[in-house]
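Beneath this line is the structure, given in structure tokens, with notes to follow.
Laboratory data are not the source of any read-out in this text; all were calculated from the coordinates shown. None of the values given here were measured: they were computed from a predicted structure. For neighbour counting, all protein chains shown are included, and Cβ atoms are generated from backbone atoms with ideal geometry for every residue, glycine included.
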Amino acid sequence: MTREEAKKKIDRLIDQIDYYNTRYYQDSVSEISDYEFDRMLKSLESLEEQFPEFKYVYSPTQRVGGTVTKSFETVVHKNAMLSLSNTYSEQELFDFDKRVAKGLPDQQYEYFCELKFDGVAISLWYEQGILQRAVTRGDGTQGDDITPNAKTIRSIPLKLKPGNSLPDEFEVRGEVFMPRKVFEAINAQKEADGETLLANPRNTASGTLKMQDSSVVAGRKLDCFLYYFQSEVPVVATHEEAIHLIEKGGFNVSGTYKKCRNMQEAIAYIKYWEQKRFELPLDTDGIVIKVNRLEQQSQLGFTAKSPRWAIAYKYKTEGATTRLNDITYQVGRTGAITPVAELEPVLLAGTTVKRASLHNANEIERLGLRIGDFVHVEKGGEIIPKVTGVDMDKRAPNLEGFKYTEQCPECGTGLIRREGEAVHYCPNEEACPPQVLGRIEHFIQRKAMDIESLGPETIRGLLDHGRIKDPADLYGLQFEDLNGLEFKVYSEKKADFSVRSLREKSAQNIINSIRNSKEQPFERVLFGLGIRYVGATVSEKLAGYFKDIHALQNSTYEELVEAPEIGERIAESLRMYFDNPKNRRLIDRLMRYGLKFNVEGEKENAGNNVLEGKTFVISGVFENMSRDEMESSIKAHGGKVVSSISSKLDYLVAGDKMGPAKLEKAQKLNITTISEADFLDMIGEND
Ligand code: IVH
């Protein structure tokens, strides 16, 4: 294929993929099968590999992520991102309307109403139809450049639809959000893994946008609604026209907006959405009312903080009052004690609420709870209802003050509280039943060692008969230990236990799957250990970076936080885990049973860490390798790739067609700039 032919084919594929992508993610229509779609994407990928000069920043292949940014560049907004003044009262809406009327003497005006999406504000900058930059709101004046992460959001166009009528340069703003379903699925998985649950979709979306590894962001399925357009050259007269313009240009606009002739109509709109908004795929917390005509917007102008032409009406969070019947405790796999409010069932935002998490002892104290109190419960952005206060008027005179338990409700051991932590723990790691059981269940789950033929009842049976005490004991089990093993099964119907025994075939299945589990790769074994805050994704990161358990367990706290995506909390937890001799012994035993404690095929590479500790920025295109190949090669030799030039950078690898701005910045900061050949020399591959 000639270069021209390749370019033509690449251009066509990009347009086609973009088209099907928009149809799927914005119109929910699949015109072609997933298989067909993947095939197009793969053929684009392979063409881009052969002709890296045609690998465009706006190619849909960029959406899978892959860039790792240690710290995001701060960018000053072209136009400050202001907030809106808020109100919870209709009266204040009429007051606002009066101010608008006064500011627009003898003029007719209309309002444009939209839902207030509860996500993370983002500003997107386009030039010549191509997304240049995505920036978070930050403090309103400057935000973080999170372009690689924004590119993974399928409903954000990287390149505008052909034939759109948008100007050469413009800004759109909107709200990045995590659809409630996606959020619930992540939390369901976290619950199954015994990890801390995420608080709400908004915080999760915000945390996700700031992740360093864009390929993780790509897996998180964020979405985005746009609601604001601004360009230097005037192209529209009203906000309504602006919304239609960006909608036609391929941006994702929620169809929930409405033009209203006056404040009465706007209030009807508010009433209409008050309940209906729960049917939307994302959280909303109010309505935004904007003066429609742009000329009138500028006449009204801004205060220091917010526009005078818009106001947000916020819905009150749904609440109810009910009786607190009891406070019970749950013991997690890590020994953490969670107090739970047992409530008189009450209907709230469409569901019956019977229980609510109370988080920890401080929270109970803060609320001043007593058993028998009438408490307020709320369901806001959070999925799990919250107890927000006590109705003191309804408090019976004889209620006793609440005393938090001092003993583990499961094993009776005295609870401890680690310094600086609010949560109580049961320190009886070795014998507290829910902890022992929880650790083994965590270890055998599908995402870890995948020994799921071993059900929770069988594990209980093995524990009860003293045949296992920890995950390593599983590997010492013989067929005879399992065949005929008696275990208890709870029947909801009878509300009692019955005794069963394990059949020969099941016993053999379990033995086989325990043996097969030794083939699970290092990252799964690591995840299976159940180290606090080390979920499946973090395990993958750790395994990919440290390559084997020795390197990992011998790393200092400082070395741990250096690793991609590893923050202080995780580093601390890792150190605490590895500093405990019991955990080291467990690892040693698992190792002797033949489990994998290093990344396969990486051993040979050891010793060739010539780029150890060095950081690189790759820019431009190269003769002998693609940028991805160069990145892998840097990593394989112990170096690190970052995306932006700072004074701490060691090398800039400069290829053809690299931007002059980058080069200038590197020169200014005295960064060593090297060529592709220099780089090959460094790793000893330049022949
Ligand atoms: S308009 C100059 N429209 O609410 C005003 N904002 O409190 C630009 N928001 O930071 C904002 N939905 O993150 C606008 N339909 C909507 C919105 C919306 C959510 C957020 C936005 C803004 C905050 C203001």
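Global dimensions of segment 500-551 from alpha-carbon coordinates: Rg and Dmax equal 15.1, 46 Å.
By other beta-carbon atoms within 10 Å, ranking Trp125, Trp309, Trp273 with the fewest at the front produces Trp125, Trp273, Trp309. Is the C-alpha gyration tensor of the chain telling us rounded, prolate or oblate? Criteria: a/c under 1.5 is rounded; beyond that, a/b larger than b/c is prolate, otherwise oblate. Note, shape of the chain comes out oblate. Which of rounded, prolate or oblate describes segment 578-662 when judged by the alpha-carbon gyration tensor and an a/c cut-off of 1.5? Prolate is the answer for segment 578-662, as a/c is 1.5 or above and a/b outweighs b/c.
In a reduced charge model with +1 at each Lys and Arg Cβ and -1 at each Asp and Glu Cβ, segment 623-687 shows a dipole moment near 560 debye about its Cα centre.
Put +1 on the Cβ of every Lys and Arg and -1 on every Asp and Glu Cβ in segment 69-171; which of Gln142, Ser83, Gln132 then has its Cα farthest towards the positive end of the dipole? Of the options given, the answer is Gln132.
In the chain, taking the dipole from charged Cβ atoms about the Cα centre, the farthest positive-side position among Asn252, Asn360, Ile10 is held by Asn360. Using only side-chain charges placed at the Cβ, +1 for Lys and Arg and -1 for Asp and Glu, the dipole size of the chain relative to its Cα centre rounds to 1240 debye. Fewest neighbouring Cβ atoms within 10 Å first, the residues Met625, Met81 line up as Met625, Met81. Under 19 Å of direct C-alpha separation, and excluding same-chain neighbours fewer than eight residues apart, Lys161 reaches these aspartates and glutamates: Asp11, Asp15, Asp18, Asp27, Glu31, Glu127, Glu169, Glu171, Asp223, Glu241, Glu247.
Answer rounded, prolate or oblate for segment 411-515, using the Cα gyration tensor with square roots of eigenvalues a ≥ b ≥ c: rounded when a/c is under 1.5, else prolate when a/b is larger than b/c, else oblate.
Taking the square roots of the gyration eigenvalues as a ≥ b ≥ c, segment 411-515 is prolate.
Look at where the Cα atoms of segment 247-296 and of segment 645-676 average out, and the two centres are 47 Å apart. Dipole magnitude for segment 4-83: about 280 debye, using +1 per Lys or Arg Cβ and -1 per Asp or Glu Cβ, origin at the Cα centre. Distance from the Cα centroid of segment 81-98 to that of segment 149-225 is 29 Å (rounded to whole angstrom). Straight-distance candidates among the lysines for linking to Lys493, with alpha-carbon spacing under 27 Å and chain neighbours fewer than 8 residues away dropped: Lys354. Taken as Cα centroids, segment 502-559 and segment 349-423 sit 36 Å apart, rounded to the nearest whole angstrom. Under the combined filter of DSSP loop state and at most 14 neighbouring Cβ atoms within 10 Å, segment 372-418 retains these trypsin sites (Lys or Arg not before Pro): Arg395, Lys403, Arg418. Applying the criteria of a DSSP loop state and at most 12 other Cβ atoms within 10 Å to the trypsin sites (Lys or Arg not before Pro) of segment 455-515 yields Lys493, Lys494.
Positive-end ranking of Tyr557, Asn262, Leu652 along the dipole of the chain, with charges on Cβ about the Cα centre, is headed by Asn262.
By other beta-carbon atoms within 10 Å, ranking Leu669, Leu245, Leu542 with the fewest at the front produces Leu669, Leu245, Leu542.
Do any of Lys190/Lys582; Lys151/Lys248; Lys159/Lys316; Lys70/Lys314 go past 31 Å between their Cα atoms, and which?
Lys159/Lys316; Lys70/Lys314
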